[in-house]
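Visitor: So that we are looking at the same thing, I have put the structure below in structure tokens.
Readers should treat all values here as calculations from the given coordinates under stated rules, not as data from a laboratory. Keep in mind it's a predicted model, so treat the numbers as computed, not measured. Here the Cβ positions follow ideal geometry from the backbone for every residue, glycine too, while neighbour counts run over all protein chains shown.
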Amino acid sequence: MRDLELLLPTLEPPPGGLSRLQRAVAAKHRPRHVRGRVFVGAALAIPALVLALLWVPRYVAGQQRAAALRVALQQAVLGPALGEGLRVEHGAAIELASGQANVRLYLIETVPAEPGAGS
Amino acid sequence: MSLRDDALYASYRRLQKPLFNVLYRQLWQAEECEDVIHDAYVRVWARRASVAESSLDALVWTTALNLARNRLRWRKLWRHTTLDEDLPQPGPAPSSALAALEVRRALQRLPAASREVLLLSEFSGLCGREIAALLHIPPGTVASRKHHAVAQLKALLGESSHA
């Protein structure tokens, strides 16, 4: 096939093909177990994220409600000053409407002192 | 039986030149040939878990030829003709660019199946049986297609030289 060799001479491919392939392989090359871990991690992380997005607002709202209640209870327990040096210890007082100008009415609710608490 | 990267690179070194020569005579664009070779190896690498080193070269050949066929089909579909008329530096003969162009036109006029067999026989280094396995045709068909391709190529080149 001498004729064919003359008609179809062997051509040299452009240089740089192998290094291009090596770069591509290096970019794609990740061990299987690493890819597996990434996949499992992503599979677990996505539902966890969804649950977190659903749960966090409720949790925050609950926390805010609890904090507000705690503050309200604390204020109630400590009790406001009744004026003129009067204080309610271990209880709360609510001023009620009074029919007479020189009479003040308070509804006082006491909280039992915890055992072992200081006097 | 996962493929190692050094086996892939060794195959690339081994097949780069034959692949380029076969593909170039079909696509006639050096850059596109490089892309096809690159893509073929990247695709094989992507399936490395199921590729044995013993079948690596055959798989690369099959993948590269399929990619080249797809590109030719795509070109035909969009009636795309290449603007790149430059041949990479050929050997001493055919010496003139005109002769190279004649060979190119003659090859383009060959039936795709015959051209593929002819080019594989010339450049791949594969024997008739291996080419037959690669193209999923009987070995006898390889021989007959090659014979017809050579005769037709000579006739076409004879025509053009007389014209």
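Visitor: Pick from B:135, B:19, B:107: which is most flexible by mean-square fluctuation in a GNM of chain B where alpha carbon atoms under 10 Å apart are linked?
Guide: Looking only at B:135, B:19, B:107, the largest GNM fluctuation is found for B:135.
Visitor: For a quick check: sort B:45, B:61 by the number of other beta carbons within 10 angstrom, fewest at the front.
Guide: So the residues, fewest neighbours to most, are B:45, B:61.
Visitor: 5 Å is the cut-off here: which amide hydrogens, built 1.01 Å from N in the peptide plane, fall below it relative to residue A:106, excluding neighbours closer than 5 in sequence?
Guide: Long-range HN contacts for residue A:106: A:96.
Visitor: Sticking with this one: Hey, any idea what Rg/Rh is for segment B:93-163, computing Rh the Kirkwood way over Cα pairs?
Guide: Values: Rg = 13.2 Å, Rh = 12.7 Å.
Across segment B:93-163, the Cα-based Rg/Rh ratio is 1.03.
Visitor: Restricting things to alpha carbons, tell me how big segment B:1-85 is in terms of Rg and Dmax, in Å.
Guide: That works out to 13.6, 44 Å for Rg and Dmax.
Visitor: Where does the charge balance sit around residue B:114 when Lys and Arg score +1, Asp and Glu -1, over other residues with C-beta under 9 Å from its C-beta?
Guide: Once all neighbours under 9 Å are counted, the net charge is +2.
Visitor: Take chain B, connect every pair of alpha-carbon atoms lying under 10 Å apart with a spring to form a Gaussian network, then pick out the residue of B:49, B:112, B:40 with the largest mean-square fluctuation.
Guide: So, out of B:49, B:112, B:40, the one fluctuating most is B:49.
Visitor: Let me ask you something else. Fewest Cβ neighbours within 10 Å first, please rank B:137, B:131 accordingly.
Guide: B:137, B:131
Visitor: Can I ask one more? Across peptide A:12-22, how many C-beta atoms of other chains are within 10 Å of each residue C-beta, on average?
Guide: Taking all residues of A:12-22 together, the mean is 6.
Visitor: Once Rh is set to the Kirkwood radius over Cα pairs, what Stokes-Einstein translational diffusion coefficient, in µm²/s, holds for chain B at a temperature of 25 °C and a viscosity of 0.890 mPa s? Intermediate values should be presented prior to the final figure.
Guide: Numbers: Rh = 16.8 Å.
The calculation lands on 146 µm²/s.
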